[in-house]
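Take a look at the structure below.
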Amino acid sequence: MEGKVLVINTGSTSTKIGFFDSGTMLFEQNIALRAETLAKYKSVMDLETPSRDAITDFLASKGIPIESIDIVMARGGLITPIRTGVYRVTQAMRDALREGREGMHACNLSAIIADDIAAEVNEARKSKGMPDCRGAFIADPPMADEMLPELRLGGRPEFKRRTLFHALNSRAMVRRYARSVGRSSKEVTAIVAHMGGGASVSLHRNGLVIDTNDALGGDGPISTERTGTVPAFPLVEMCFSGKYTKEEIKKLLVGKGGAMSYFGTNDFRKIAQMAQDGDDRASLFIKAFCAGIAKYIGYFAPVVSGKVDVIILTGGIAYNKTITDMITEMVSFIAPVEIYPGENELSSLAENAYGILSGEFEIRTYDPNRL
């Protein structure tokens, strides 16, 4: 793999970047903005300029000439549901991300900053008589949608199922497994459970993700910050109780749900330690968490008539052997289980960048009108 790759993953208060040369990560850095800088801006989307400048200043401090960058890869944001794969950042994409048409999230800023930096790279290259870099791209955005039509149908026309899952890491882990068995990802049928602050379970077949849960929309297993799917009638009662605003209800479901509502923490390591120290509530929650992941894995298996090659457990919580052992015991009758812990987002983005540089990956065009 040849080429220098800058990877960008924006958060609400900081930006994680990685710099790769010929496939090797030279460094990974979390660049935090000062509190006084953050206080000046009302929206995360207003942080475009300070975040971009913080990245380029850091690269300069590492002695990396900006013109040396061959491609800039960004985490995908919340945009009109599209297929998985790699997409060039365009003005239409920038507009959709900035307007938050499908929701506002810190990840929306990644592609915009990547595009800004790619423009700076090309200005520097032009001044030195060098050809342009490949540009800025995203890969496997969280709203990637390849769901089968019959699985998109909800119980009422108003409740159409949508996808919002850990597409980037989940797809990368399927490719990792496929390589390990000498096959293409298009030849593998896999169920991937990503376990972090949120939990998503996705069904992969023929290189497509044909079913998943809406991990940011109140659907799926219980997790450290999210309630997951809840009974409808009690939720209706809560909504009309007069105790909460619409935004407060959403926050109770996503952000203050799951472990946060029981223990006041979203740190699964603390909950695991509580259980180890004899806290029965923590032990019960861990069992409920594992059962929820296992049930969703089982939920997807019949869609492919049980013909699953592998079940993959990934995400930060997959480092906990007690958790992975418990889930494995419940689901291994479906298919063999592989454990690939961690988020792996920077490496996954870099892998996509090298796929672009080598010509291996097809570059898609973002269509804001795709339904």
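A convex hull fitted around the alpha carbon atoms of region 169-272 yields 109 Å³ per residue.
Legend: residue pairs 250/307; 246/295; 16/307; 4/40; 160/256, Cα-Cα distance threshold 31 Å; pairs beyond threshold, 250/307; 16/307; 4/40.
Accessible area ranking (1.4 Å probe, heavy atoms, ligands and nucleic acids excluded), largest first, for 248, 158: 158, 248. A Stokes-Einstein calculation at 37 °C with viscosity 0.692 mPa s, built on the Kirkwood radius of region 121-227 over Cα pairs, returns a diffusion coefficient of 207 µm²/s. One equal scatterer on each Cα of region 212-371, no solvent, Debye formula: the resulting log10 I(q)/I(0) at q = 0.09, 0.15, 0.16 Å⁻¹ is -0.42, -1.01, -1.09. Debye calculation, C-alpha points only, no solvent: report log10 I(q)/I(0) for region 69-148 at q = 0.22 Å⁻¹, in the same order as the q values. The calculated log intensity ratios at q = 0.22 Å⁻¹ are -0.92.
Rolling a 1.4 Å probe over the protein heavy atoms leaves residue 358 with an accessible area of roughly 80 Å².
Antiparallel versus total DSSP beta bridges in the chain: what percent is that, nearest 5?
Values: 30 of 51 bridges.
Antiparallel bridges make up about 60 percent of those DSSP assigns within the chain.
Report relative contact order for region 308-371 in percent, whole number only (criteria: Cα-Cα under 8 Å, sequence separation at least 6).
Numbers: 50 pairs, mean separation 22.6, N = 64.
Answer for region 308-371 is 35 percent.
For region 16-123, the percent of C-alpha pairs falling in each 10 Å distance bin, counted from 0 to the bin holding the largest distance, reads 13, 45, 34, 9. Dividing the mean sequence gap of close Cα pairs (under 8 Å, 6+ apart) by how many residues the chain holds gives a relative contact order of 18 percent.
Largest accessible area first, the listed residues 322, 265 line up as 322, 265 when surface is computed with a 1.4 Å probe on the assembled protein chains.
Can you tell me which of 108, 169, 30 moves the most in a GNM of the chain? Springs connect C-alpha atoms under 10 Å apart. Of the options given, 30 has the highest mean-square fluctuation. Of all the options 262, 244, 87, the one that moves most in a Gaussian network model of the chain with Cα springs shorter than 10 angstrom is 244. Once both labels are positioned 7 Å from their Cα atoms along Cα-to-Cβ, the gap between residue 330 and residue 28 label points is 2.8 nm. Set against the 2.2 N^0.38 Å expectation for a compact globular protein, the chain has a Cα radius of gyration ratio of 1.01. In this structure residue 325 has an accessible area near 70 Å², from a 1.4 Å probe over the protein heavy atoms.
The values are calculated or read from the model by the stated rules, or taken from the named source; none is laboratory data. The model shown is predicted, which means the values in this text are computed figures rather than measured ones. FYI the Cβ positions are ideal-geometry reconstructions off the backbone, even for glycines, and counts take in every protein chain you see. In case anyone asks, the SASA skips ligands and DNA or RNA and just uses the protein heavy atoms, side chains included. Shrake-Rupley method; radii C 1.70, N 1.55, O 1.52, S 1.80 Å.
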